[in-house]
Amino acid sequence: MSDPLVHESHPRIRNRLRRAAGHLNNVISMLEDGRPCLDIVQQLQAVESALHAAKKTLIHDHLDHCLDVAAGTAKRDGHPALHDFKAIARFL
């Protein structure tokens, strides 16, 4: 039996976070090596992007799965207000 708290998206999120950790470790090394600020900022942007993507994936997964269960519906089109909430949350 699978753990209900582990979702299909969790391995993808874990991989994104590992990439972000790798980028962050690279930033630290770049600082220690005295690399140019532009190079460091570009690497920091990669960290930010990876974290943002992981957070967005986790939020959308929660909305698509956990919220339906909490609302007592397994249907995707359940309650209209829930449907609208999920639709607007896509813009986060």
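Considering the range 1-40 alone, what residues qualify as being at pLDDT below 95 and among the acidic types (D, E)?
D3, E8
When the residues of the range 76-88 are narrowed to those that are surrounded by 10 or more Cβ atoms within 10 Å (Cβ to Cβ) and more than 20 Å from K56 (Cα to Cα), which ends up modelled with the lowest pLDDT? Let's see the steps before the verdict.
If we filter the range 76-88 for residues that are surrounded by 10 or more Cβ atoms within 10 Å (Cβ to Cβ), which is where we start, we get 76, 78-79, 82-87.
Then drop every residue that is not more than 20 Å from K56 (Cα to Cα), which leaves 78-79.
On the way: G78: 61, H79: 70.
Out of the qualifying residues, it is G78.
Confirm whether E48 is of a type in the set (D, E, K, R) and assigned to a loop (DSSP other than H, G, I, E, B).
no
Using the structure shown, decide if I59 is on the phi < 0 side of the Ramachandran plot and either in contact with a helix residue (DSSP H, G or I) (Cβ under 8 Å, 6 or more places away or on another chain) or modelled with pLDDT of 85 or more (or both).
Judged against the criteria, I59 is a match.
The values are calculated or read from the model by the stated rules, or taken from the named source; none is laboratory data. The structure presented is a predicted model; accordingly, all values stated were derived computationally and were not measured. We place every Cβ from the backbone using ideal geometry, glycine too, and count neighbours over all the protein chains shown.
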